[in-house]
Structure formats: structure tokens, C-alpha cells
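Written below as C-alpha cells is the structure these notes are about.
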Amino acid sequence: MIWKDADFQKAYRERLGHIQASGDAEVRAQSIAFQAETHKAGGSQADNFAQRVGTAADVMLSGYVRSAIDAFDRTLADIEAELVDADVDALRASLEQEIARRAKSLPAVLRAILQRAPVKAREVLAERLPAARDRGHAPGAVRACEMPDRAIFIGHEARDASLADALRLAITAAVGDDVALYTSSDLERMRTGRDGHERALAQLKRNRMTLVLLTPHSSGDPLLWWTLGVAEGAGRPTFALRTAGVSADGALPLRAEQDIQLAQREEIVRLLRAIQTELRRRGKDLAELDLDRVLREAAR
């Protein structure tokens, strides 16, 4: 049985270790999203806090289950092994134990969340494990999902796609057209399919840099703040790019250097220099760049 194979166990433990580290990034992302929501609402409310932490608990446990099953599949693919029913049963038992252990580690004051999160994780188990068993009966059917890596991501609301495109062009002009760069529009296409959420989340954690456009359309969107939090929790450089009409007054959950005012040319130049530094690209003369389109879109 492959579950008892020493090489499989070693490879699978290594993958699980990475998943556990990623779980910390998830919780930090939820925390940053909560800070942004409470700032906009003018203060913290107990109900909002319970809802936010409840979401974090669901994400931590059910996300762990999805990722653990994916790691199981990919480890099998790496060592070119076939899956048998006993392997799936062993995986189910180990995940059940992990669900119980992780639920107990959540804050004791959140009793209702402790009850709900394991249930959510077990729903994922019921959904995903039969598919893993079916894939295992077809030799060569288990394949790892290839993900783009080390990219710059521009998060935006759908109505701000033209500004995202303008910024994409400015970045390309500053660092070269070979840079890996994509936007929320691309991420939405990645999220389709059964494992779309997991693929998108993995991509966000692996990005080299994350930029989020805050406009009058999007400044209150918790999904964008969550996106920023995923990158921040993963230790990636992150920037919030404000346009005209989005005030910096108040204590946003950002450091001063992360705040870029896109309606000001010198601020765009500061962002592009930070990108050049991160990518270790030989600095171009940014004073010669045509940034009028970005400035025009940011001023709307």
C-alpha cells in the first residue's frame, strides 16, 4: 500500500509542511481584510469580528483539507504510483484527526466557530475524496497543476480594467516586456473549474509582487483587501494604489511606503522604481516614460 511507502511519506510530509506554513498567510489575510472593513465602518463590532474569524476558521480548515488532498495527488504523480482504496481511507482518517486537532487550537471563546469549522472541512472531505479515488483507478490520471510563478499581480474591480491595463503597459515599459504580469481579469479565468479556488489562492501566494487598485468603485471591496492580505501574509511586497476620490485619512491597515497615489506622477515613478528594485532590473530613465494614460485614468 502506497500510504506505507517511505519515499511517499517523506515527499508527502514535505508538501504538508508547505501547506501548514501557507495556512498562517490565510489567517493574516483575513485579519487585514477585517481591519479594512472595521476602518470603513468606523469601529469594531463584536458581530463583525465573530463573522470574520469564523470565515478565517472555515478557510483554515477546509483549505487545509483541499490542499492536503491535492498534495496527496501530486505526490502520487511525482513517484508515479497508483492509488488504491486503502490509501484513500488512510488519508481520510489522517485528515479527520487533523481537523479535530486544528479545531481545538482555535480561540476557546469562539465555541460556535469550533463546531462549524470541522463540519465545513468534513464537507470538503466528502466532496473531494471520492474524486481522488476515481482518479486513482486510471493509471497516469493524477497530474500536478502547473501554476505560473513569480509574477506581478494587479488586483482590481471589473469597472477598473482600463486603469489596470494602463498600469500594465507602464510596468512593461519600465522593466521590459518579458516580465510575468497579470490582473484580476486573468485570475477570474483561473478560478473556473472544480479546483479553481485552490489554483487562484496558490497563485496569489506565489506572486512576486501584488498591487491592488483602490478606486471609488473598489475601496470597500473586502475581496481586494483579502487579496492584499494573502500576499502580505506570504511575505511578498504589496502596494495599495489609490486613485482620485479615495482618501488616505484614517488608519488604513497599510504602512506608509505601501500607499501609492496614482494621480501623482512622482508616486507612479516611486512604484516603478520599487518594481525595478524587486526584479533586479537595470534602471531605466523613468522620467522619459509616457505615464499620461495612467494619470488620466487615475484622475477619473
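A short reminder: the numbers here are calculations on the coordinates, not readings from a lab. Worth saying up front: this structure is predicted, and the values here are computed from it rather than measured. Virtual Cβ from ideal backbone geometry, glycine too; neighbours counted across all protein chains shown.
Gain in length, residue 223 to residue 293, computed as 0.36 nm per residue apart minus the alpha-carbon separation, to one decimal in nm?
Values: separation 70, 0.36 × 70 = 25.20 nm, distance 2.62 nm.
Result: 22.6 nm gained on full extension.
Given R₀ = 45 Å, FRET efficiency for residue 259-residue 119 by Cβ-Cβ distance, to 0.05?
Details: r = 40 Å, r/R0 = 0.89.
After rounding to 0.05, the efficiency reads 0.65.
Determine which residues of the range 210-236 fall in the zone a paramagnetic label at residue 159 would reach in this model, i.e. backbone nitrogen under 16 Å from the point 7 Å along Cα→Cβ.
Once the point is set 7 Å along Cα→Cβ of residue 159, 213-224 turn out to lie under 16 Å by backbone N, inside the range 210-236.
Tell me the label-point distance for the pair residue 247, residue 97, using the 7 Å Cα-to-Cβ offset, in nm and rounded to one decimal.
5.5 nm
How much FRET efficiency would the formula 1/(1 + (r/R0)^6) give for residue 188 and residue 281, where r is the Cβ-Cβ distance and R0 is 22 Å, rounded to 0.05? Could you put the intermediate results ahead of the total?
Working: r = 29 Å, r/R0 = 1.30.
E between residue 188 and residue 281, to the nearest 0.05, is 0.15.
Using the beta-carbon distance between residue 126 and residue 77 and R0 = 30 Å, what value does 1/(1 + (r/R0)^6) give for FRET efficiency, to the nearest 0.05? Numbers along the way, then the final one.
On the way: r = 23 Å, r/R0 = 0.78.
Efficiency computed from Cβ-Cβ geometry: 0.80.
Calculate the spin-label point distance for residue 9 paired with residue 85, positioning each point 7 Å from the Cα along the beta-carbon direction, and give it in nanometres.
Between residue 85 and residue 9, the simple spin-label model gives 2.5 nm.
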